[in-house]
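Peer 1: What follows is a structure written as C-alpha cells; I'll ask about it next.
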Amino acid sequence: MLNKFFKLNERSTTVTTEVLAGITTFVTTAYILAVMPAVLANTGMAKESVFLATCLSSGLITIAMGLIVNFPLVLGPGMGLVAYFTAVASAQGGIPWQTALGAVFIAGIIFLILTLTQIRQILVVAIPDSLKHALTIGIGLFITIIGLKMSHMIMVTTHLGPSLSDITASHGVAQLSFFEWDLTLGNFAKPDVLLALIGLVIISALITLKVKGAILIGIIINTLIGIPLGLTNIHDINFALPSMQNLNIGAMDVKSAFNIGLASLIFTFTFIGLMDTFSTLVSTTNKSGILNKNDSSSLVGKAMFVDSVGACFGAFLGVPALTVYLESMVGISAGGRTGLTAVTTGVFFLLSLVLSSLFIIIPNAATAPVLILVGIFMISSIKNIDFEDFTEGLPAFLTIIVMPFTYSIANGISAGIVFYVLLKNISGKWREVHWMMYVLMLLVVLRFTYFS
C-alpha cells in the first residue's frame, strides 16, 4: 500500500530508508521547537502556546505536504517572518501580537489567491535575482541582531537627543529627537551572556565537525550548562500531555489588521512569504536531482498551494506563517525521495507535544546562538550578486543595509525595489525590468505616502 501510494519503487527507495530520512530531518529541524517559543515570547505570547502551535502546525502541514505533493519537504514557521513579526509585535513595535497574527492570516489568504490564479508565480519571476539574494542576506542580518539582543551580548541603550541649546549653537544643524539609541557590548560576566557565548562556541564547533543535528545537540548541551548557572529550572519538568486549551486558537485579530495603517505590514508579510517559499522550493527540488524539469514545475505549484494553506493554518493556531525549510535537503541527502519522509517528520513533530515542559525550560541564552549563526548561513548568498553592475549592486546593497539599520525588513525591500526600477530606467536598461516591478514600486510609493 505504502509502496503504491508514495511510488517507492519508481523512485528507487524503501520504507526503511524513507523513515530514517524522516527522523534525520526531524533531528535537524527540531531546534525550532526551542527557538520559536523563546523568540515569540518577546511579543507577549506564552511560551507553551507557541510550542503547542509550532508542533501542531509544523506536524500537520508537513504531513499534508507529504501526502499531497509526495516529496520530502518539511515546513515550519519561517525565521524571516518570525523575525519581522517579533519586531512589529514587540513593545517597541507597538502592534499587539493578535493584530500581527491577523495580518499574517490575511497574507496567507493573499498567498492562496495568488497561487490559485498563477499570479504568485509571476511575482516571483518578476523579482530580479539580485534582490532575492539581498532579501535573504538582509533578513539574515536582521535575525542575527535579534539573537544578539536576546542573549544580551549587545545592549540597546537610549538617551535624550540634543538639547535646544545644542541646536541653537549649531545653527540648526543638530536634529531634535526625543531619544537616540546606541548598541553596546553586554557584560560578559553575567550568566546569560556567558551561556550564550559558550553556546555559540559549542554549536559552531559541532557544525564545523559536520555533526548531524548539531544545532539541537548544542541547544541541549547549553541548557544543561544553564542548570548550575541558575538559568535552567529543571523543577518545571513533567511529561504530562499539555492542555490544548493553552493554544491561541483563533486569537488573531483580523478586523484590526485591516486598518489602513497596517497595509504595509500585510504587504511585507506577503512579500517575505513569496520569496521565502519559492526560493527554498526551487533550490530543494533542483538540488535533489530526483525529479525532471516537468515534474519539478508541477511539484512547486502543488507545494505552493499547501504552503498557502499552511500560512493561514499557522496564524489560526497562533504562529506566524509556515514555510518550506531548506533543512529538507538533509532528509534528501539521507536518502529521502518521497512524501513518506515528510510524513515521518510530521509525525515526530506531533509526538513532541508530550515534551513541552522540556522545551519550555530552555533559557533564551541557549537558543540565541542559533539566531546569531543563521546570519552566516544566509549571508553566503552575497556571492551571487553582481556588484560590478551598479544597477544590480546598489539596489541589493540598500536592501541589505537598510533592514538592520532601520530595524525594518519592509524598509529594506522598499529601498531595493525603488532604486532597481529607477537605475535600470536611467541607464537605458528598462527592458530588463519586469512590468510587475513597476506595480510593486507603485505600492511602495503608496505605502510611504498614504499607508505609513
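Peer 1: Among the listed pairs Lys7/Lys210; Lys212/Lys383; Lys47/Lys383; Lys255/Lys424; Lys210/Lys302, which have their C-alpha atoms separated by more than 30 angstrom in this model? List each step's numbers first, then the result.
Peer 2: Values: Lys7/Lys210 32 Å; Lys212/Lys383 26 Å; Lys47/Lys383 37 Å; Lys255/Lys424 39 Å; Lys210/Lys302 33 Å.
Over 30 Å Cα-Cα: Lys7/Lys210; Lys47/Lys383; Lys255/Lys424; Lys210/Lys302.
Peer 1: Could the peptides 350-361, 207-218, 65-76, 317-328 be put in order, highest first, of the mean number of other beta-carbon atoms found within 10 Å of their residues? It would help to have the intermediate numbers written out before the result.
Peer 2: On the way: 350-361: 18.3, 207-218: 16.0, 65-76: 26.6, 317-328: 28.1.
So the order, starting with the most tightly packed, is 317-328, 65-76, 350-361, 207-218.
Peer 1: Along the Cα-to-Cβ line of Ile426, 7 Å from the Cα, sits a label point; which residues in the stretch 386-407 have backbone N less than 12 Å from it?
Peer 2: Backbone N within reach: 390-392, 394-395.
Peer 1: Something else: If I stretch the segment between Ile401 and Thr117 completely, what's the gain in nm (0.36 nm per residue apart, minus their alpha carbon distance), one decimal? Don't skip to the end; give the middle numbers.
Peer 2: Numbers: separation 284, 0.36 × 284 = 102.24 nm, distance 3.39 nm.
Gain in length upon complete extension: 98.8 nm.
Peer 1: Name the residue from Leu371, Phe269, Met436 whose Cα lies farthest towards the positive end of the charge dipole of the chain, charges +1 on Cβ of Lys and Arg and -1 on Cβ of Asp and Glu.
Peer 2: Of the listed residues, the answer is Met436.
Peer 1: Would you tally the net charge around Ala368, using a Cβ to Cβ cut-off of less than 12 Å, leaving Ala368 out, and scoring K and R as +1, D and E as -1? Numbers along the way, then the final one.
Peer 2: On the way: positive: Lys149; negative: Asp192.
The answer is 0.
Peer 1: Ok, one more. Based on Cβ point charges of +1 for Lys and Arg and -1 for Asp and Glu, what charge dipole magnitude is obtained for the stretch 326-452 about its Cα centre, in debye rounded to the nearest 20?
Peer 2: Working: 6 positive and 6 negative charges, 43 e Å.
Charge dipole, the stretch 326-452, about its Cα centre: 200 debye, nearest 20.
Peer 1: At 7 Å along the Cα-to-beta-carbon direction for both Lys190 and Leu355, put a label point, then send me their distance in nm to one decimal.
Peer 2: If labels sit at Lys190 and Leu355, their model points lie 3.0 nm apart.
Peer 1: What's the magnitude of the charge dipole for the chain around its Cα centre, counting Lys and Arg as +1 and Asp and Glu as -1 at the beta-carbon? Answer in Debye, nearest 20.
Peer 2: Values: 20 positive and 19 negative charges, 176 e Å.
Charge dipole, the chain, about its Cα centre: 840 debye, nearest 20.
Peer 1: Here's a follow-up. When the chain is fully extended, how far beyond the present Cα-Cα distance does Thr14 get from Ile217, taking 0.36 nm per residue of separation?
Peer 2: Working: separation 203, 0.36 × 203 = 73.08 nm, distance 2.82 nm.
The span from Thr14 to Ile217 would gain 70.3 nm if fully extended.
Peer 1: Now, a different point. For the stretch 1-50, how big is the tail of P(r) above 15 Å, as a whole percent of Cα pairs?
Peer 2: Details: 754 of 1225 pairs.
Value for the stretch 1-50 (Cα pairs over 15 Å): 62 percent.
Peer 1: Where does each of Lys424, Lys302 land when they are ranked from fewest to most other beta-carbon atoms within 10 angstrom?
Peer 2: Values: Lys424 19, Lys302 15.
So the residues, fewest neighbours to most, are Lys302, Lys424.
Peer 1: Also, I was wondering about something else. Measuring from a point 7 Å past the Cα of Met244 along Cα-to-C-beta, which residues in the stretch 30-66 have an amide N at less than 17 Å?
Peer 2: Within reach of a label on Met244, which here means backbone N under 17 Å from a point 7 Å along Cα→Cβ, the stretch 30-66 contributes 49-61.
Peer 1: What ranking, highest mean first, results for peptides 333-339, 183-189, 374-380 when packing means the other Cβ atoms within 10 Å averaged over each residue?
Peer 2: Numbers: 333-339: 22.6, 183-189: 11.3, 374-380: 17.3.
Result, highest mean first: 333-339, 374-380, 183-189.
Peer 1: Mind sorting Thr136, Thr29, Thr14 by how few other Cβ atoms lie within 10 Å of their own Cβ, fewest first?
Peer 2: Numbers: Thr136 23, Thr29 26, Thr14 15.
Arranged by neighbour count, lowest to highest, Thr136, Thr29, Thr14 become Thr14, Thr136, Thr29.
Peer 1: Okay, next question. Sort 113-120, 137-144 for me by packing, meaning the mean count of neighbouring Cβ atoms within 10 Å per residue, highest on top. Mind showing how you got there, number by number?
Peer 2: Numbers: 113-120: 15.6, 137-144: 25.0.
Highest to lowest by the protection proxy: 137-144, 113-120.
Peer 1: Next question. From the residues Pro72, Gly250, Leu209, which one has its Cα farthest along the dipole of the chain in the positive direction, the dipole being from +1 and -1 charges on Cβ of Lys/Arg and Asp/Glu about the Cα centre?
Peer 2: Checked the options; the winner is Pro72.
Peer 1: Hey, another quick one. Set Lys and Arg Cβ to +1 and Asp and Glu Cβ to -1, take the dipole of the chain about its Cα centre, and tell me which of Val324, Ile401, Leu229 lies farthest positive.
Peer 2: Val324
Peer 1: Let me ask something else. Of (i) 38.0; (ii) 24.5; (iii) 32.9, which one was derived for mean projected area of the Cα convex hull in nm² from the structure shown?
Peer 2: Checked against the structure: label (ii).
Peer 1: Sort Asp192, Asp129 so that the residue with the fewest other Cβ atoms within 10 Å of its own Cβ comes first and the one with the most comes last. Each step should come with its number before you reach the end.
Peer 2: Details: Asp192 22, Asp129 14.
Ranked by crowding around the Cβ, least crowded first: Asp129, Asp192.
Read-outs throughout are calculated quantities, based only on the coordinates presented, and are distinct from any laboratory measurement. Keep in mind it's a predicted model, so treat the numbers as computed, not measured. Heads up, the Cβs are rebuilt from the backbone with ideal geometry, glycines too, and the neighbour counts pull from every protein chain shown.
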